[in-house]
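The next block holds one structure in the form of structure tokens; read it before the comments.
The values are calculated or read from the model by the stated rules, or taken from the named source; none is laboratory data. Remember, it's a predicted structure, so these values are computed and weren't measured experimentally. Heads up, the Cβs are rebuilt from the backbone with ideal geometry, glycines too, and the neighbour counts pull from every protein chain shown. Side chains included, ligands, DNA and RNA excluded: accessible areas come from the protein's heavy atoms. Shrake-Rupley method; radii C 1.70, N 1.55, O 1.52, S 1.80 Å.
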Amino acid sequence: MAGPGERLHRAEDIFFWLSALPERRRHVEAARLCEGDAVLAAEVASLLEHESRMGGFLEEPALGTDFTLLPATAKAASEEEIGRDEMIGRTVGRYRIERRLASGGMGTVYRAARADNQFTQSVAIKIVKRGMDTDEILGRFRRERQTLAQLEHPNIARLIDGGATEGGQPYLVMEYVEGEPIDEYCDRRRLGVNERLEIFLTICDAVRHAHQNLVVHRDLKPGNILVTADGAPKLLDFGISTVLDSRSAGRVTASRDRRLTPEYASPEHIAGAPVTTASDVYSLGAILYELLCGRLPHRFPTRTPEEIQRVVAASEPPPPSEMALRSDPAWDALEAARARRATPEILARRLRGDLDTIVMAALHKDPSRRYPSVEALAMDLRRHRDRMPVSARRDTFTYRTSRFVRRHFVGTAFAAVSLALLVAGAAAFAWQASVAERERDRALISRARSDAITSFLTRMLEAADPSRSGPAVTVHEVLDDAARRLDQELGGEPLVQASLRGTIGKTYQSLGLYPEAEKQLREALRRKLELLGASHLDVAESRCDLATVLYSTNQLAEAASQLEAAVATYRGAGEAAAKDLATALSSLGAVRRAGGELDLAESLQHEALDLRRRILGGDSLEAAESLNNLAGVHSARGQLEEARPLLEEALRIRIRDLGEAHPLVAQSTDNLAVLLHREGKPDQAEPLYRKALEIEMRVLGPEHPDVAITHRNLGLLLASKGELPEAEEHLRSCMAIRTKSLPTADARNVNVAFDLADVLLTEGRGEAADPLVDAVLDATAALGEEDPVRKSALSRAVDHFTKRGAMERASELRQIKASSRPASSVPR
């Protein structure tokens with residue numbers, strides 16, 4: 001005879017199948033399945049009775065609505081039931097129970113309030129039902145409590161307390177969440193696609209946190225994602241979550257639990273196979289599908305187990321863009337589009353392409369073909385948002401030219417993400433290699449060449465696998481390894497090798513690793529010149545890439561030379577290269593401005609802006625770049641009134657298209673702060689500096705060269721306000737970043753060293769400033785006395801020692817003192 005634990009499992013399995021049947025068939029099937037076992041039949045009947053009071057079991061969270069914790073998603077108990085509930089009004093722990101929220105097969109959830117009057121707090125309390133406190137259920141309850149205890153995330157409903165009632169019933173005290181399901185929240189407020197994606201990305205981060213703590217949710221659906229009135233989503237109901245075996249890479253501990261919501265459950269979950277993090281990825285794909293087009297990927301008219309298994313396992317849903325155009329008697333496509341501030345046609349166009357590809361990759365039947373993690377899914381959505389190639393899409397030349405914006409790529413600390421860019425870029429460059437060779441000798445790339453590229457990229461990605469390289473592998477280390485292996489593994493394919501080297505160089509540059517970037521980009525340009533000739537468009541592109549790094553390291557003369565050559569090539573190519581011409585002109589204008597050639601810089605920026613407005617529209621991100629650069633010219637002239645509206649327009653476009661948390665938004669914010677600072681409005685400038693710094697620190701990391709610029713600008717402002725300790729902190733941070741990537745004699749390092757020396761002098765710590773000044777003088781001596789950086793260093797050193805009262809030292813330096821201008825904030 002079966003034991004109690006085995007019988008309970010059997011009862012739950014039967015209940016799962018019965019719940020999918022029409023109600024009129026349930027008792028007949030129950031009698032057939034439980035034949036000869038009266039205890040089993042009684043257990044099933046009890047579960048069915050609870051289910052009838054709760055609503056459809058498959059329509060609600062796994063343990064009834066125990067973890068939904070909200071009237072908005074819970075089946076409210078009737079007044080008669082509440083009146084009979086002996087727990088209402090009782091005190092459990094430090095909380096007084098006010099009303100029942102929901103009741104499930106194993107427990108009941110109540111709303112309660114703090115009873116000790118220490119402070120006001122509403123909570124949800126889950127209590128195991130009397131008669132359900134078997135060893136099996138209590139074990140589950142303890143596991144549930146442990147699961148929740150290890151999840152600390154702002155978008156996961158938190159565990160507050162736990163214990164046992166006076167009668168010995170275990171209970172959990174949970175955060176009480178006021179909100180509504182994510183799909184209802186988005187539809188009620190008619191949120192557009194971009195707004196829905198931002199909320200979804202927040203949920204991805206919460207699920208990622210659970211996965212990092214080795215917890216798979218197993219029942220992700222809109223009803224378990226509540227959004228509060230202030231727009232903060234909360235992930236609920238870990239009632240059937242599974243704890244991963246930490247000794248394995250995604251295997252799960254043994255589980256016979258098949259309770260689920262079929263509309264969002266993965267094929268392997270439906271089939272009873274092991275559930276892993278890939279199953280949560282699938283469920284997130286189904287939620288995203290519904291958020292984007294308003295319909296579910298699968299529907300089950302009869303909801304029989306056979307139908308559910310057949311549809312989920314074998315039926316391919318149409319892409320969301322196609323579903324957005326479909327109408328039937330039960331579905332109003334027009335209303336669904338209106339809920340997304342669009343028409344069906346406009347919505348379909350918005351979803352077609354990247355979003356279709358991302359969603360369908362998440363919904364792949366084969367777990368190994370889905371995104372390898374929630375983080376990878378989220379990163380592709382962010383790449384789509386930032387108009388960068390997504391890793392889930394097979395790259396083509398058309399896709400690359402329409403989506404790849406090389407200046408906007410942000411390096412991250414996650415190797416797999418940056419390497420996804422390398423794969424996308426490498427695929428595109430491999431295609432270009434074949435085009436170049438057809439132009440020369442009409443030959444096709446051989447199978448051996450394709451295999452060599454694939455093998456190289458595969459090994460490059462394997463280098464980022466923590467199981468092979470350890471958990472501390474960095475993007476920098478992976479890039480270094482790839483660069484070392486290029487000659488060895490692709491030496492027989494010089495053009496493909498040059499293209500891959502260019503991609504690696506641009507990734508180094510995006511991470512702020514300028515010496516490494518310059519080395520790779522110079523070599524890529526040299527080889528392309530040898531193979532393709534100076535007038536080839538690929539060569540012009542490599543010139544622009546190298547010029548970007550040269551500009552960042554203040555090698556302005558060579559940067560201008562490379563860009564002028566690129567401009568000449570693009571002009572010769574006619575209208576087909578107009579977009580690239582505009583990019584090169586804008587970059588050349590920035591270089592000329594940095595060199596003080598303001599009239600020429602303004603002319604170049606106006607030409608670039610006119611081209612971009614004609615080709616891409618005045619509201620494009622490319623036009624915003626030109627507006628930003630043109631504002632820099634006006635600012636350099638002191639024409640602050642002319643610069644300000646240009647910066648404000650560039651910032652508006654970038655926030656609209658990129659969201660708040662993007663380096664280009666930080667750049668525009670910082671530039672606007674510089675303008676306000678120069679206009680004598682430090683109180684308006686300071687919060688903008690701090691906002692820009694917060695974005696850059698979060699997105700780029702604390703050691704990126706762009707972060708150094710904002711540290712210095714904020715430090716100068718604070719120094720002008722007399723807030724010297726914090727000013728010193730920011731200037732030291734700037735110096736620490738710059739000394740890692742720039743020589744001490746670089747003008748930027750010279751300036752910040754003297755900025756810091758001035759602050760120390762003002763603080764009365766002049767002796768601490770002397771070593772800074774001496775180091776600068778030693779480093780700039782090799783430049784020659786006529787070098788402008790050397791002259792500036794000498795001038796500021798004389799001022800420093802004069803203020804210090806070190807008149808003899810000041811007199812020595814005064815003999816060669818050159819004129820200098822005071823430090824100012826640095827626009828970008």
Problem set entry | Options Leu627, Leu616, Leu646, Leu688: the member that is out of contact with any strand residue (DSSP E or B) (no Cβ under 8 Å at 6 or more places or on another chain) and within 23 Å of Cys734 (Cα to Cα) | Leu688
For this session: Any residue in the range 350-371 that's surrounded by fewer than 23 Cβ atoms within 10 Å (Cβ to Cβ): show its pairings with residues that are among the charged types (D, E, K, R) at Cβ separation under 7 Å, as long as the two are six or more apart or on different chains.
Result: Asp354/Arg393; Thr357/Arg393; Ala361/Arg370; His364/Arg370; Pro367/Glu268
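Tally the residues that are more than 22 Å from the chain's Cα centre (by Cα) and among the basic types (Lys, Arg), restricting the search to the range 664-709. Explain how you work it out, then say what you get.
Keep residues of the range 664-709 that are more than 22 Å from the chain's Cα centre (by Cα), which gives 671-689, 708-709.
Applying the additional criterion that residues be among the basic types (Lys, Arg) yields 678, 681.
Residues that pass the stated criteria total 2.
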Exercise. How many residues does the range 33-51 hold that are surrounded by fewer than 19 Cβ atoms within 10 Å (Cβ to Cβ), assigned to a helix (DSSP H, G or I) and at pLDDT 75 or above?
Worked result: 6
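Working carefully through the options Ala757, Ala753, Ala736, find the one that is of a type in the set (A, V, I, L, M) and surrounded by fewer than 18 Cβ atoms within 10 Å (Cβ to Cβ). Steps first, answer last, please.
On the way: Ala757 fails: surrounded by fewer than 18 Cβ atoms within 10 Å (Cβ to Cβ); Ala753 fails: surrounded by fewer than 18 Cβ atoms within 10 Å (Cβ to Cβ).
Going through Ala757, Ala753, Ala736 in turn, just one is of a type in the set (A, V, I, L, M) and surrounded by fewer than 18 Cβ atoms within 10 Å (Cβ to Cβ): Ala736.
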Exercise. Of the conditions (1) of a type outside the set (Gly, Ala, Ser); (2) free of Cβ contacts under 8 Å to residues at least 24 places away in the same chain; (3) open to solvent by 50 Å² or more (accessible area, probe 1.4 Å), Asp619 fails just one. Which one is it?
Worked result: (2)
For this session: Could you grab me the full set of residues in the range 763-774 that are out of contact with any Lys or Arg (no Cβ under 9 Å at 6 or more places or on another chain) and crowded, with 16+ Cβ neighbours inside 10 Å?
Result: Leu772
Exercise. Of the numbered conditions (1) among the acidic types (Asp, Glu); (2) surrounded by fewer than 24 Cβ atoms within 10 Å (Cβ to Cβ); (3) modelled with pLDDT under 90, Glu728 satisfies every one except a single condition; which is it?
Worked result: (3)
Problem set entry | Which numbered condition Gly574 fails, given (1) under 28 Å from Tyr514 (Cβ atoms); (2) open to solvent by less than 40 Å² (accessible area, probe 1.4 Å) | (1)
Exercise. With respect to the numbered conditions (1) more than 38 Å from the chain's Cα centre (by Cα); (2) on the phi < 0 side of the Ramachandran plot, which one is the sole condition not fulfilled by Arg712?
Worked result: (1)
Exercise. Could you count how many residues in the range 305-345 are loosely packed, with under 14 Cβ neighbours inside 10 Å and part of a helix (DSSP H, G or I)?
Worked result: 7
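Okay, residues lined up against (1) modelled with pLDDT of 90 or more; (2) in contact with a strand residue (DSSP E or B) (Cβ under 7 Å, 6 or more places away or on another chain); (3) within 11 Å of Ala797 (Cβ to Cβ):
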residue	(1), (2), (3)
Ala747	no, no, no
Asp755	yes, no, no
Leu760	yes, no, no
Arg765	no, no, no
Ala769	no, no, yes
Val776	no, no, yes
Gly784	no, no, no
Exercise. Touching a helix residue (DSSP H, G or I) at 6+ places or on another chain (Cβ under 7 Å), over 29 Å from Leu717 (Cβ atoms) and assigned to a helix (DSSP H, G or I) - does that describe any residue in the range 622-630?
Worked result: yes
Exercise. Among the candidates Gly505, Gly512, which residue alone is surrounded by fewer than 24 Cβ atoms within 10 Å (Cβ to Cβ) and modelled with pLDDT under 90?
Worked result: Gly512
Problem set entry | Answer from Glu726, Glu767 - the residue that is part of a helix (DSSP H, G or I) and within 18 Å of Asn713 (Cβ to Cβ) | Glu726
Exercise. Here are some conditions: (1) touching a Phe, Trp or Tyr at 6+ places or on another chain (Cβ under 8 Å); (2) surrounded by 18 or more Cβ atoms within 10 Å (Cβ to Cβ); (3) farther than 30 Å from Gly192 by Cβ. Ala594 meets all but one. Which one does it not meet?
Worked result: (2)
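Considering only residues that are part of a loop (DSSP other than H, G, I, E, B), modelled with pLDDT of 75 or more and not charged (D, E, K, R), look in the range 116-134 and name the one that is surrounded by the fewest Cβ atoms within 10 Å (Cβ to Cβ). Steps first, please.
Of all residues in the range 116-134, those part of a loop (DSSP other than H, G, I, E, B) come to 116-121, 129-134.
Filter once more, so that each one left must be modelled with pLDDT of 75 or more: 116, 120-121.
Then drop every residue that is not not charged (D, E, K, R), which leaves 120-121.
Working: Thr120: 7, Gln121: 15.
So the residue we want is Thr120.
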For this session: Working only within the range 691-705, note down all residues that are open to solvent by less than 20 Å² (accessible area, probe 1.4 Å) and not in a helix (DSSP H, G or I).
Result: Gly701, His704
Exercise. Is there any pair with a first residue in the range 652-665 that is under 15 Å from Arg382 (Cβ atoms) and a second that is of a type in the set (A, V, I, L, M) and open to solvent by 40 Å² or more (accessible area, probe 1.4 Å) whose Cβ atoms are under 9 Å apart and which are 6 or more apart or on different chains, and what are they?
Worked result: His662/Ile655; Val665/Ile655
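Would you point out which residue out of Leu600, Leu585, Leu556 is of a type in the set (A, V, I, L, M, F, W, C), in contact (Cβ under 8 Å) with a residue 24 or more places away in the chain and open to solvent by 30 Å² or more (accessible area, probe 1.4 Å)?
Step by step, each of Leu600, Leu585, Leu556 is checked, and only Leu556 is of a type in the set (A, V, I, L, M, F, W, C), in contact (Cβ under 8 Å) with a residue 24 or more places away in the chain and open to solvent by 30 Å² or more (accessible area, probe 1.4 Å).
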Problem set entry | Failed item, numbered, when Gly231 is tested on (1) touching a strand residue (DSSP E or B) at 6+ places or on another chain (Cβ under 8 Å); (2) within 24 Å of His384 (Cβ to Cβ); (3) without any contact (Cβ under 8 Å) to a residue 60 or more places away in the chain | (1)
Seminar exercise, completed: Taking the range 633-648 and keeping only residues that are of a type outside the set (Lys, Arg), open to solvent by 10 Å² or more (accessible area, probe 1.4 Å) and within 14 Å of Arg592 (Cα to Cα), one is left with His634, Ala636
Exercise. Within the set of pairs 6+ apart or on separate chains, which have a first residue in the range 786-814 that is under 27 Å from Gln555 (Cα atoms), a second that is surrounded by 21 or more Cβ atoms within 10 Å (Cβ to Cβ) and polar (S, T, N, Q), and C-beta atoms under 7 Å apart?
Worked result: Val789/Thr780; Arg790/Thr780; Ala793/Thr780
Exercise. Can you find even one residue in the range 689-708 that is basic (Lys, Arg) and within 19 Å of Asn554 (Cβ to Cβ)?
Worked result: no
